[in-house]
Amino acid sequence: MRLHRLALAFFALWVTVGLVVLHGSVHTLVTALGDAANPSRLHLALLAGIEAVAALLFLLRRSMRLGGAALLVTFGIALVAHALRGEFPIHLLVYAAAVLFVMVHGPASLPSLWQLDARADLLQRAGRLRPETAALWGRMTCPQMLAHVNDALRMALGELPTEPRKLAMRHFPLKQFIVYLMPMPHGVPTARELVSRIDHAQFAQEAEAFAAQLERFAERPADAPMPAHPAFGPLSRRAWGVLAYRHCDHHLRQFAV
């Protein structure tokens with residue numbers, strides 16, 4: 001299984017668990033507050049409120065482990081409370097196992113051009129391309145695809161200016177969902193600057209440039225500012241690394257490598 005599929009499965013688990021727990025805790029909180037006259041329900045509302053905040057923290061990359069730890073504590077308290085009533089809510093154990101898995105393995109699981117193994121994977125696959133390699137979808141030839149990918153990397157390095165577009169995907173949470181999670185669809189319109197020279201692309205030159213562009217991307221200083229994306233707007237260094245990898249991977253899969 002390729003890196004991008006494992007990463008998508010991991011992030012789907014992360015987001016799904018976080019949203020399910022968040023929904024459940026908010027529902028419990030609202031229900032408990034509706035019966036505020038019962039003192040025992042106030043304790044339930046307090047625990048549900050803490051769990052809701054923890055779920056929100058868990059969904060954010062920077063606070064994922066803090067939120068996960070808080071969720072595990074609330075699950076433990078809830079399990080004890082249910083056990084005292086002779087109940088055993090198995091779903092809490094499932095949630096706890098999923099949260100613990102995400103805490104241990106994330107969020108570095110998503111392939112990125114900042115990772116040596118991810119770049120090596122792309123180079124190895126690109127080495128199987130030939131000028132006549134046919135596409136599984138789309139109208140670009142193999143040399144044209146490489147020229148497009150190379151220009152996208154030049155854009156990511158700030159060397160190829162592009163015209164910004166006012167789109168909903170420039171904003172949270174749609175931007176994060178598309179950059180990190182959503183599979184790249186086929187045939188989506190791209191910035192015209194990224195296809196401006198594909199009609200004159202030469203395979204040997206573009207193949208050599210691809211390897212060089214990956215190396216130059218990896219050598220970019222950690223404190224160097226990253227350019228804005230024409231569709232997504234400002235992106236962090238991490239987001240650029242993930243998106244650039246996913247874009248290269250998408251087009252290599254377009255040509256069955």
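Quick notes on this structure:
- Cβ-Cβ under 8 Å pairs, at least 6 apart or on other chains, region 12-31 side surrounded by fewer than 18 Cβ atoms within 10 Å (Cβ to Cβ), far side among the hydroxyl-bearing types (Ser, Thr, Tyr): Val20/Tyr95
- Verdict on His82 being surrounded by 12 or more Cβ atoms within 10 Å (Cβ to Cβ), more than 26 Å from the chain's Cα centre (by Cα) and of a type outside the set (Gly, Ala, Ser): yes
- Subset of region 114-164 [among the small types (Gly, Ala, Ser), under 18 Å from Arg246 (Cα atoms) and touching a helix residue (DSSP H, G or I) at 6+ places or on another chain (Cβ under 9 Å)]: Ala118, Ala126, Gly127, Ala135, Gly138, Ala147, Ala152, Ala156
- Just so you know, in region 232-249 the residues that are among the small types (Gly, Ala, Ser) and within 11 Å of the chain's Cα centre (by Cα) include one that is surrounded by the fewest Cβ atoms within 10 Å (Cβ to Cβ), and it is Ala239.
- Pro111 outside the structural domain of Glu219 (by TED's automatic domain parsing), surrounded by 14 or more Cβ atoms within 10 Å (Cβ to Cβ) and either farther than 30 Å from Ala152 by Cα or among the acidic types (Asp, Glu) (or both): no
- So Ala156, is it touching a Cys at 6+ places or on another chain (Cβ under 9 Å), surrounded by 14 or more Cβ atoms within 10 Å (Cβ to Cβ) and within 20 Å of Ala218 (Cβ to Cβ): no
- Residues satisfying the stated conditions in region 201-253, i.e. polar (S, T, N, Q) and touching a helix residue (DSSP H, G or I) at 6+ places or on another chain (Cβ under 7 Å): Gln202, Gln213
- Test: residue in region 153-164 that is in contact (Cβ under 8 Å) with a residue 12 or more places away in the chain and in contact with a Ser or Thr (Cβ under 8 Å, 6 or more places away or on another chain): yes
- Applying the criterion of being touching a Phe, Trp or Tyr at 6+ places or on another chain (Cβ under 8 Å) and under 15 Å from Ala55 (Cβ atoms) to the residues of region 84-105, the residue that is modelled with the lowest pLDDT is Val102.
- Region 162-205: number of residues that are loosely packed, with under 12 Cβ neighbours inside 10 Å and over 19 Å from Cys142 (Cα atoms): 7
- Note on region 172-223: residues that are at pLDDT 90 or above and either within 15 Å of the chain's Cα centre (by Cα) or assigned to a helix (DSSP H, G or I) (or both) total 22.
- Odd one out for Arg41 among (1) surrounded by 15 or more Cβ atoms within 10 Å (Cβ to Cβ); (2) touching a residue at least 12 places away in the same chain (Cβ under 8 Å); (3) in a helix (DSSP H, G or I): (2)
- Being touching a Gly at 6+ places or on another chain (Cβ under 9 Å), loosely packed, with under 15 Cβ neighbours inside 10 Å and aliphatic (A, V, I, L, M) is a property that Leu93 lacks.
The values are calculated or read from the model by the stated rules, or taken from the named source; none is laboratory data. Just so we're clear, the structure is a prediction, and the values are computed from it rather than from any experiment. Here Cβ is always computed from backbone atoms with ideal geometry, including for glycine, and neighbour counts include all displayed protein chains.
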